[in-house]
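Dropping a structure here in C-alpha coordinates format, bear with me for questions.
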Amino acid sequence: MALNLTVDTERWREHLRSVAEEIPGIVPVAKGNGYGFTNRRLGDEAALLGVDTVAVGVPHEVHAIELSAFDGDIVVLQPWRPHDEAATALLTDSRAIITVSRAEDVQHISRIAPGTAVLVEVQTSMYRHGIPAEEIAQLDLGRLDVRGWTIHLPAAGSLDEARRLAAAVAEHPRGEAGVWLSHLGVEDYRTLAGELGMPTRMRVGTRLWLGDAGAFRATGTVLDVHKVAKGTPVGYHGAKTPADGYVVVVSGGTAHGVALAAPATPHSFKQRFIPLAEALGEVRGRVTSPFKIRGRKRPFAEPPHMHSSLLFVDGPGAPAAVGDELPVTVRMTTTHFDEVLFA
Ligand SMILES: *Cc1c(COP(=O)(O)O)cnc(C)c1O
(Lines give C-alpha, C1' and ligand atoms only; values in the text may rest on other atoms or scores of the structure.)
Protein backbone atom coordinates (compact mmCIF):
# COMPACT_ATOMS: atom_id res chain seq x y z
CA MET A 1 0.00 0.00 0.00
CA ALA A 2 2.53 2.48 -1.12
CA LEU A 3 3.90 4.74 -3.81
CA ASN A 4 6.10 2.33 -5.72
CA LEU A 5 8.67 2.42 -8.45
CA THR A 6 8.81 -0.83 -10.38
CA VAL A 7 11.89 -1.37 -12.49
CA ASP A 8 12.09 -3.78 -15.42
CA THR A 9 15.54 -4.82 -14.26
CA GLU A 10 16.70 -6.54 -17.42
CA ARG A 11 15.62 -3.73 -19.70
CA TRP A 12 17.02 -1.03 -17.41
CA ARG A 13 20.41 -2.74 -17.10
CA GLU A 14 20.54 -3.25 -20.84
CA HIS A 15 20.11 0.51 -21.23
CA LEU A 16 22.74 1.28 -18.56
CA ARG A 17 25.24 -0.97 -20.33
CA SER A 18 24.55 0.61 -23.71
CA VAL A 19 25.10 4.14 -22.36
CA ALA A 20 28.29 3.05 -20.60
CA GLU A 21 29.57 1.59 -23.87
CA GLU A 22 28.63 4.69 -25.81
CA ILE A 23 30.52 6.97 -23.39
CA PRO A 24 34.06 5.77 -22.73
CA GLY A 25 35.33 7.11 -19.41
CA ILE A 26 31.80 7.47 -18.02
CA VAL A 27 31.47 8.47 -14.36
CA PRO A 28 27.92 7.68 -13.17
CA VAL A 29 26.44 10.46 -11.02
CA ALA A 30 24.43 9.31 -7.98
CA LYS A 31 23.00 12.24 -6.06
CA GLY A 32 19.90 13.71 -4.46
CA ASN A 33 17.18 11.08 -4.27
CA GLY A 34 19.24 8.80 -6.50
CA TYR A 35 17.15 9.89 -9.50
CA GLY A 36 14.25 8.09 -7.78
CA PHE A 37 16.11 4.77 -7.39
CA THR A 38 18.11 5.74 -4.24
CA ASN A 39 21.85 6.39 -4.27
CA ARG A 40 22.73 3.10 -2.67
CA ARG A 41 21.06 1.19 -5.50
CA LEU A 42 22.84 3.36 -8.07
CA GLY A 43 26.11 2.46 -6.34
CA ASP A 44 25.20 -1.23 -6.77
CA GLU A 45 24.48 -0.68 -10.46
CA ALA A 46 27.74 1.22 -10.93
CA ALA A 47 29.54 -1.81 -9.46
CA LEU A 48 27.78 -4.06 -12.00
CA LEU A 49 28.80 -1.71 -14.82
CA GLY A 50 32.40 -2.11 -13.73
CA VAL A 51 33.23 1.61 -13.63
CA ASP A 52 36.11 2.77 -11.41
CA THR A 53 34.55 6.03 -10.20
CA VAL A 54 31.14 7.31 -9.12
CA ALA A 55 30.24 10.97 -8.47
CA VAL A 56 27.97 12.22 -5.68
CA GLY A 57 26.63 15.75 -5.21
CA VAL A 58 27.59 16.55 -1.62
CA PRO A 59 29.70 15.00 1.17
CA HIS A 60 26.61 13.66 2.94
CA GLU A 61 25.86 11.45 -0.04
CA VAL A 62 29.15 9.54 0.17
CA HIS A 63 27.81 7.25 2.88
CA ALA A 64 25.07 5.73 0.70
CA ILE A 65 27.68 4.76 -1.89
CA GLU A 66 29.86 3.24 0.83
CA LEU A 67 26.91 1.06 1.81
CA SER A 68 26.54 -0.16 -1.78
CA ALA A 69 28.48 -2.83 -3.64
CA PHE A 70 30.62 -0.19 -5.36
CA ASP A 71 34.16 -0.09 -4.00
CA GLY A 72 35.95 2.40 -6.25
CA ASP A 73 36.62 6.13 -6.00
CA ILE A 74 33.90 8.62 -5.08
CA VAL A 75 34.02 12.14 -6.49
CA VAL A 76 32.22 14.89 -4.56
CA LEU A 77 30.89 17.34 -7.14
CA GLN A 78 30.21 20.26 -4.82
CA PRO A 79 33.49 22.13 -4.33
CA TRP A 80 35.18 22.06 -0.93
CA ARG A 81 34.82 25.12 1.28
CA PRO A 82 36.69 25.86 4.53
CA HIS A 83 33.53 26.00 6.69
CA ASP A 84 32.24 22.64 5.49
CA GLU A 85 33.11 20.08 8.17
CA ALA A 86 31.64 17.11 6.30
CA ALA A 87 33.79 17.97 3.28
CA THR A 88 36.89 18.46 5.42
CA ALA A 89 36.39 15.05 7.04
CA LEU A 90 36.65 13.52 3.55
CA LEU A 91 40.07 15.00 2.85
CA THR A 92 41.70 12.03 4.52
CA ASP A 93 39.25 9.45 3.09
CA SER A 94 41.22 7.25 0.69
CA ARG A 95 38.21 6.71 -1.61
CA ALA A 96 37.11 10.34 -1.89
CA ILE A 97 38.13 12.74 -4.63
CA ILE A 98 37.46 16.34 -3.61
CA THR A 99 36.52 19.10 -6.04
CA VAL A 100 38.41 22.39 -5.54
CA SER A 101 37.34 25.55 -7.29
CA ARG A 102 39.24 28.49 -5.71
CA ALA A 103 42.98 29.16 -5.45
CA GLU A 104 42.64 29.92 -1.73
CA ASP A 105 40.98 26.55 -1.10
CA VAL A 106 43.78 24.79 -2.99
CA GLN A 107 46.32 26.43 -0.67
CA HIS A 108 44.26 25.68 2.40
CA ILE A 109 43.90 21.95 1.62
CA SER A 110 47.53 21.71 0.57
CA ARG A 111 48.42 22.96 4.04
CA ILE A 112 46.03 20.90 6.19
CA ALA A 113 45.92 17.68 4.14
CA PRO A 114 48.76 17.44 1.63
CA GLY A 115 48.32 14.58 -0.84
CA THR A 116 44.51 14.94 -0.99
CA ALA A 117 43.09 13.61 -4.28
CA VAL A 118 41.38 16.50 -6.07
CA LEU A 119 39.65 17.59 -9.25
CA VAL A 120 40.23 21.23 -10.10
CA GLU A 121 37.11 22.94 -11.36
CA VAL A 122 37.38 25.39 -14.24
CA GLN A 123 34.89 28.24 -14.56
CA THR A 124 32.53 27.87 -17.52
CA SER A 125 29.86 30.10 -19.04
CA MET A 126 27.57 28.87 -16.24
CA TYR A 127 29.44 31.02 -13.70
CA ARG A 128 28.70 28.59 -10.91
CA HIS A 129 32.07 27.53 -9.49
CA GLY A 130 35.58 27.38 -10.84
CA ILE A 131 38.96 28.94 -11.56
CA PRO A 132 38.72 31.42 -14.46
CA ALA A 133 40.47 30.12 -17.61
CA GLU A 134 42.97 32.97 -17.61
CA GLU A 135 44.13 32.10 -14.08
CA ILE A 136 44.74 28.40 -14.72
CA ALA A 137 48.32 28.72 -15.97
CA GLN A 138 49.57 30.37 -12.73
CA LEU A 139 47.60 28.15 -10.35
CA ASP A 140 49.89 26.58 -7.75
CA LEU A 141 48.56 23.11 -6.98
CA GLY A 142 51.11 22.54 -4.27
CA ARG A 143 51.18 19.05 -2.88
CA LEU A 144 47.74 17.98 -4.01
CA ASP A 145 47.17 14.73 -5.91
CA VAL A 146 45.54 16.17 -9.03
CA ARG A 147 43.29 13.57 -10.67
CA GLY A 148 41.90 15.89 -13.30
CA TRP A 149 40.23 19.18 -14.20
CA THR A 150 36.49 19.53 -14.35
CA ILE A 151 34.47 21.42 -16.92
CA HIS A 152 30.76 21.68 -16.05
CA LEU A 153 28.97 23.15 -19.03
CA PRO A 154 25.46 24.68 -19.16
CA ALA A 155 22.60 22.39 -20.22
CA ALA A 156 23.35 22.56 -23.92
CA GLY A 157 27.11 22.48 -23.51
CA SER A 158 29.09 23.61 -26.53
CA LEU A 159 32.04 21.78 -28.03
CA ASP A 160 33.78 25.10 -28.70
CA GLU A 161 33.70 26.09 -25.06
CA ALA A 162 34.89 22.65 -23.95
CA ARG A 163 37.76 22.86 -26.48
CA ARG A 164 38.78 26.33 -25.37
CA LEU A 165 38.80 25.39 -21.67
CA ALA A 166 40.60 22.09 -22.28
CA ALA A 167 43.27 24.08 -24.16
CA ALA A 168 43.66 26.36 -21.13
CA VAL A 169 44.03 23.26 -18.91
CA ALA A 170 46.68 21.82 -21.26
CA GLU A 171 48.82 24.95 -20.58
CA HIS A 172 49.16 23.97 -16.93
CA PRO A 173 52.09 21.70 -15.99
CA ARG A 174 49.60 19.28 -14.44
CA GLY A 175 47.11 19.53 -17.29
CA GLU A 176 48.01 16.03 -18.40
CA ALA A 177 45.84 14.68 -15.56
CA GLY A 178 42.98 15.15 -18.03
CA VAL A 179 39.52 16.73 -18.18
CA TRP A 180 36.24 15.59 -16.63
CA LEU A 181 33.28 16.96 -18.55
CA SER A 182 29.62 17.42 -17.66
CA HIS A 183 26.72 18.09 -20.02
CA LEU A 184 28.50 17.82 -23.32
CA GLY A 185 26.59 15.91 -26.02
CA VAL A 186 27.82 12.36 -26.55
CA GLU A 187 29.02 13.03 -30.11
CA ASP A 188 30.82 16.20 -29.04
CA TYR A 189 32.39 14.37 -26.13
CA ARG A 190 33.69 11.62 -28.37
CA THR A 191 35.03 14.19 -30.83
CA LEU A 192 36.81 16.07 -28.06
CA ALA A 193 38.19 12.90 -26.48
CA GLY A 194 39.65 11.99 -29.89
CA GLU A 195 41.28 15.42 -30.27
CA LEU A 196 42.80 15.78 -26.82
CA GLY A 197 46.05 14.15 -25.93
CA MET A 198 44.91 13.66 -22.34
CA PRO A 199 42.50 11.37 -20.46
CA THR A 200 38.83 12.39 -20.68
CA ARG A 201 35.97 11.46 -18.40
CA MET A 202 32.28 12.32 -18.57
CA ARG A 203 29.91 12.62 -15.62
CA VAL A 204 26.42 11.41 -16.51
CA GLY A 205 23.25 11.10 -14.45
CA THR A 206 19.94 11.69 -16.22
CA ARG A 207 20.86 10.15 -19.56
CA LEU A 208 22.16 7.06 -17.81
CA TRP A 209 19.57 6.35 -15.11
CA LEU A 210 16.49 7.89 -16.74
CA GLY A 211 17.32 7.60 -20.44
CA ASP A 212 14.93 4.69 -21.06
CA ALA A 213 11.66 5.88 -19.53
CA GLY A 214 9.98 2.61 -20.49
CA ALA A 215 12.24 0.66 -18.15
CA PHE A 216 10.45 1.75 -14.98
CA ARG A 217 7.02 2.86 -13.86
CA ALA A 218 5.56 4.63 -10.85
CA THR A 219 2.28 3.51 -9.30
CA GLY A 220 0.13 4.44 -6.33
CA THR A 221 -2.07 1.91 -4.57
CA VAL A 222 -5.82 2.48 -4.18
CA LEU A 223 -6.54 2.58 -0.44
CA ASP A 224 -10.28 3.32 -0.50
CA VAL A 225 -13.16 4.01 -2.86
CA HIS A 226 -16.29 5.89 -1.71
CA LYS A 227 -19.48 6.52 -3.67
CA VAL A 228 -20.64 10.12 -3.19
CA ALA A 229 -23.51 12.23 -4.43
CA LYS A 230 -22.98 15.59 -6.14
CA GLY A 231 -22.28 18.39 -3.64
CA THR A 232 -20.94 16.13 -0.88
CA PRO A 233 -18.27 17.94 1.16
CA VAL A 234 -15.11 15.78 1.23
CA GLY A 235 -11.57 15.98 2.61
CA TYR A 236 -10.01 18.25 5.21
CA HIS A 237 -11.53 21.33 3.66
CA GLY A 238 -14.99 20.08 2.81
CA ALA A 239 -14.59 20.64 -0.92
CA LYS A 240 -17.90 19.83 -2.59
CA THR A 241 -17.91 17.11 -5.22
CA PRO A 242 -18.87 18.52 -8.64
CA ALA A 243 -21.07 15.57 -9.68
CA ASP A 244 -22.30 12.15 -8.62
CA GLY A 245 -19.30 9.88 -8.57
CA TYR A 246 -16.54 8.41 -6.46
CA VAL A 247 -13.78 9.59 -4.20
CA VAL A 248 -10.73 7.40 -4.77
CA VAL A 249 -8.06 7.51 -2.06
CA VAL A 250 -4.64 6.58 -3.40
CA SER A 251 -1.22 6.33 -1.77
CA GLY A 252 1.16 9.10 -2.78
CA GLY A 253 1.17 12.59 -1.28
CA THR A 254 3.30 15.61 -0.57
CA ALA A 255 5.81 13.59 1.50
CA HIS A 256 6.57 11.59 -1.64
CA GLY A 257 6.83 14.75 -3.72
CA VAL A 258 3.56 14.08 -5.54
CA ALA A 259 2.18 17.24 -7.14
CA LEU A 260 5.32 19.21 -6.39
CA ALA A 261 6.73 20.29 -9.71
CA ALA A 262 10.24 21.65 -10.18
CA PRO A 263 10.44 24.35 -12.84
CA ALA A 264 11.11 23.05 -16.33
CA THR A 265 12.48 26.31 -17.73
CA PRO A 266 13.55 29.64 -16.19
CA HIS A 267 10.51 31.12 -17.89
CA SER A 268 8.09 28.97 -15.95
CA PHE A 269 10.12 29.30 -12.75
CA LYS A 270 7.88 31.78 -10.99
CA GLN A 271 4.60 29.99 -11.52
CA ARG A 272 5.92 26.55 -10.85
CA PHE A 273 8.09 27.32 -7.88
CA ILE A 274 4.96 27.64 -5.78
CA PRO A 275 4.24 24.12 -4.58
CA LEU A 276 1.32 22.96 -6.62
CA ALA A 277 -0.36 21.70 -3.47
CA GLU A 278 -0.67 25.29 -2.26
CA ALA A 279 -1.93 26.68 -5.52
CA LEU A 280 -4.47 23.88 -5.49
CA GLY A 281 -6.26 25.33 -2.50
CA GLU A 282 -7.69 27.96 -4.81
CA VAL A 283 -9.00 25.75 -7.56
CA ARG A 284 -10.06 22.68 -5.66
CA GLY A 285 -11.71 19.91 -7.58
CA ARG A 286 -10.59 21.11 -10.96
CA VAL A 287 -6.89 20.42 -10.84
CA THR A 288 -5.74 17.37 -12.73
CA SER A 289 -3.79 14.97 -10.58
CA PRO A 290 -0.88 12.92 -11.91
CA PHE A 291 -2.81 9.67 -11.23
CA LYS A 292 -4.45 7.80 -14.07
CA ILE A 293 -7.66 5.80 -13.71
CA ARG A 294 -8.98 3.92 -16.75
CA GLY A 295 -6.50 5.64 -19.00
CA ARG A 296 -7.20 9.22 -17.94
CA LYS A 297 -5.64 11.57 -15.41
CA ARG A 298 -8.26 12.38 -12.79
CA PRO A 299 -8.74 15.57 -10.79
CA PHE A 300 -7.77 15.92 -7.15
CA ALA A 301 -10.80 16.18 -4.86
CA GLU A 302 -8.62 18.40 -2.64
CA PRO A 303 -4.90 19.17 -2.23
CA PRO A 304 -2.82 16.05 -1.59
CA HIS A 305 -2.16 14.97 2.00
CA MET A 306 1.25 13.86 3.23
CA HIS A 307 0.94 10.22 2.21
CA SER A 308 -2.20 9.95 0.16
CA SER A 309 -4.34 11.86 -2.29
CA LEU A 310 -8.10 12.13 -2.76
CA LEU A 311 -9.18 11.92 -6.39
CA PHE A 312 -12.63 12.46 -7.81
CA VAL A 313 -14.07 10.35 -10.60
CA ASP A 314 -17.54 11.16 -11.90
CA GLY A 315 -20.14 8.84 -13.33
CA PRO A 316 -21.72 5.58 -12.26
CA GLY A 317 -19.81 2.37 -11.62
CA ALA A 318 -16.85 2.08 -9.25
CA PRO A 319 -13.80 3.28 -11.20
CA ALA A 320 -11.25 1.33 -9.15
CA ALA A 321 -10.98 -1.22 -6.35
CA VAL A 322 -8.92 -1.25 -3.18
CA GLY A 323 -5.50 -2.65 -4.01
CA ASP A 324 -5.46 -1.50 -7.66
CA GLU A 325 -2.20 0.05 -8.81
CA LEU A 326 -2.72 3.41 -10.53
CA PRO A 327 -0.08 4.71 -12.95
CA VAL A 328 1.22 8.07 -11.74
CA THR A 329 3.35 10.62 -13.56
CA VAL A 330 6.15 11.86 -11.32
CA ARG A 331 9.33 13.82 -11.67
CA MET A 332 11.97 11.22 -10.89
CA THR A 333 14.43 13.64 -9.27
CA THR A 334 11.91 14.93 -6.73
CA THR A 335 9.98 11.79 -5.83
CA HIS A 336 10.64 9.63 -2.79
CA PHE A 337 9.16 6.22 -3.39
CA ASP A 338 8.20 3.97 -0.49
CA GLU A 339 9.57 0.99 -2.38
CA VAL A 340 11.75 0.47 -5.41
CA LEU A 341 10.88 -2.97 -6.77
CA PHE A 342 13.20 -4.77 -9.15
CA ALA A 343 11.01 -7.01 -11.25
C1 LIG B 1 24.40 16.62 -11.39
C2 LIG B 1 25.67 16.78 -12.16
C3 LIG B 1 25.90 15.98 -13.29
C4 LIG B 1 24.88 15.01 -13.81
O5 LIG B 1 23.83 15.74 -14.37
P6 LIG B 1 22.71 15.05 -15.25
O7 LIG B 1 22.08 16.19 -15.95
O8 LIG B 1 21.79 14.36 -14.34
O9 LIG B 1 23.40 14.11 -16.19
C10 LIG B 1 27.10 16.12 -13.94
N11 LIG B 1 28.04 17.01 -13.50
C12 LIG B 1 27.84 17.79 -12.43
C13 LIG B 1 28.92 18.72 -12.02
C14 LIG B 1 26.65 17.71 -11.73
O15 LIG B 1 26.46 18.49 -10.66
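The values are calculated or read from the model by the stated rules, or taken from the named source; none is laboratory data. Source: prediction; values computed, not measured. With ideal geometry, Cβ positions are generated from the backbone for all residues, glycine too; neighbour counts draw on all protein chains shown. The area values use the complete protein model at the heavy-atom level, side chains included, leaving out ligands, DNA and RNA. Shrake-Rupley method; radii C 1.70, N 1.55, O 1.52, S 1.80 Å.
Going by the conditions given, is LEU208 within 11 Å of the ligand (Cβ to nearest atom), closer than 20 Å to VAL100 by Cβ and either more than 17 Å from the chain's Cα centre (by Cα) or open to solvent by less than 10 Å² (accessible area, probe 1.4 Å) (or both)?
Values: within 11 Å of the ligand (Cβ to nearest atom): yes; closer than 20 Å to VAL100 by Cβ: no; either more than 17 Å from the chain's Cα centre (by Cα) or open to solvent by less than 10 Å² (accessible area, probe 1.4 Å) (or both): yes.
Here the answer is no, as LEU208 does not meet what is asked.
If you don't mind, there's one more thing I want to ask. Pick from the stretch 173-214 the residues that are over 21 Å from LEU77 (Cβ atoms) and in a loop (DSSP other than H, G, I, E, B): which of them is modelled with the highest pLDDT?
Of everything passing the filter in the stretch 173-214, ASP212 is modelled with the highest pLDDT.
Could you say which residue among THR200, THR191, THR221 is away from the ligand (no atom under 16 Å from the Cβ), open to solvent by 20 Å² or more (accessible area, probe 1.4 Å) and of a type in the set (Ser, Thr, Tyr)? Reasoning before the result, please.
Details: THR200 fails: away from the ligand (no atom under 16 Å from the Cβ); THR221 fails: open to solvent by 20 Å² or more (accessible area, probe 1.4 Å).
Within the list THR200, THR191, THR221, the selection yields THR191.
Now a separate question. Which fully enclosed strands (runs of 3 or more DSSP E) of the stretch 1-78 have 3 or more residues being open to solvent by less than 40 Å² (accessible area, probe 1.4 Å) and more than 14 Å from the ligand (Cβ to nearest atom)? Break it down stepwise before answering.
Values: elements: 3-7, 26-28, 53-56, 73-76.
The qualifying strands (runs of 3 or more DSSP E) are 3-7.
A further question on this structure: Restricting to the stretch 127-148, and then to whatever is closer than 20 Å to ILE97 by Cα and within 28 Å of the chain's Cα centre (by Cα), can you tell me which residue is surrounded by the most Cβ atoms within 10 Å (Cβ to Cβ)?
GLY148
Can you confirm whether LEU165 is crowded, with 22+ Cβ neighbours inside 10 Å, part of a helix (DSSP H, G or I), without any contact (Cβ under 8 Å) to a residue 60 or more places away in the chain and among the hydrophobic types (A, V, I, L, M, F, W, C)? Quick ask: steps written out before the conclusion?
Details: crowded, with 22+ Cβ neighbours inside 10 Å: yes; part of a helix (DSSP H, G or I): yes; without any contact (Cβ under 8 Å) to a residue 60 or more places away in the chain: yes; among the hydrophobic types (A, V, I, L, M, F, W, C): yes.
Answer is yes for this residue.
Residues being in contact with a strand residue (DSSP E or B) (Cβ under 6 Å, 6 or more places away or on another chain) and closer than 30 Å to LEU326 by Cβ: count how many of those fall in the stretch 185-207. Full working, then the answer.
Taking the stretch 185-207 first, the residues in contact with a strand residue (DSSP E or B) (Cβ under 6 Å, 6 or more places away or on another chain) are 189, 193, 200-205.
Remaining after also requiring closer than 30 Å to LEU326 by Cβ: 205.
Summing the residues that are in contact with a strand residue (DSSP E or B) (Cβ under 6 Å, 6 or more places away or on another chain) and closer than 30 Å to LEU326 by Cβ in the stretch 185-207 gives 1.
Applying the selection to the stretch 148-165, what residues are over 16 Å from TYR127 (Cβ atoms) and more than 16 Å from the ligand (Cβ to nearest atom)?
LEU159, ASP160, ARG163
Quick test for you: out of LEU3, LEU67, pick the one residue that is aliphatic (A, V, I, L, M) and touching a Lys or Arg at 6+ places or on another chain (Cβ under 8 Å).
Working: LEU3 fails: touching a Lys or Arg at 6+ places or on another chain (Cβ under 8 Å).
Only one candidate passes the filter, namely LEU67.
So the check is Cβ under 7 Å with 6+ separation or different chains; which pairs have a first residue in the stretch 24-44 that's more than 20 Å from VAL330 (Cα to Cα) and a second one that's away from the ligand (no atom under 11 Å from the Cβ) and assigned to a strand (DSSP E or B)?
GLY25/THR200; VAL27/THR53; VAL27/VAL54; PRO28/VAL54; GLY43/VAL54
Sticking with this structure for a sec: Taking the stretch 221-262 on its own, how many of its residues are part of a loop (DSSP other than H, G, I, E, B), among the hydrophobic types (A, V, I, L, M, F, W, C) and free of Cβ contacts under 8 Å to residues at least 24 places away in the same chain? Let's see the steps before the verdict.
Of all residues in the stretch 221-262, those part of a loop (DSSP other than H, G, I, E, B) come to 229-232, 235-238, 241-244, 252-253, 257-262.
Checking which are among the hydrophobic types (A, V, I, L, M, F, W, C) leaves us with 229, 243, 258-262.
Right, trim to free of Cβ contacts under 8 Å to residues at least 24 places away in the same chain and you get 229.
So the answer is 1.
Would you say ARG81 is away from the ligand (no atom under 16 Å from the Cβ) and either in contact with a strand residue (DSSP E or B) (Cβ under 6 Å, 6 or more places away or on another chain) or open to solvent by 40 Å² or more (accessible area, probe 1.4 Å) (or both)?
Considered against the rule, which asks whether it is away from the ligand (no atom under 16 Å from the Cβ) and either in contact with a strand residue (DSSP E or B) (Cβ under 6 Å, 6 or more places away or on another chain) or open to solvent by 40 Å² or more (accessible area, probe 1.4 Å) (or both), ARG81 comes out as no.
Checking LYS230 against (1) surrounded by 16 or more Cβ atoms within 10 Å (Cβ to Cβ); (2) modelled with pLDDT of 95 or more: exactly one of these is not met. Which one?
So LYS230 meets the others, but not (1).
Scan the stretch 323-336 for residues that are open to solvent by less than 30 Å² (accessible area, probe 1.4 Å) and part of a loop (DSSP other than H, G, I, E, B) and jot them down.
The first filter runs over the stretch 323-336 and keeps only residues open to solvent by less than 30 Å² (accessible area, probe 1.4 Å), leaving 326, 328, 332, 335.
Passing the criteria: MET332, THR335.
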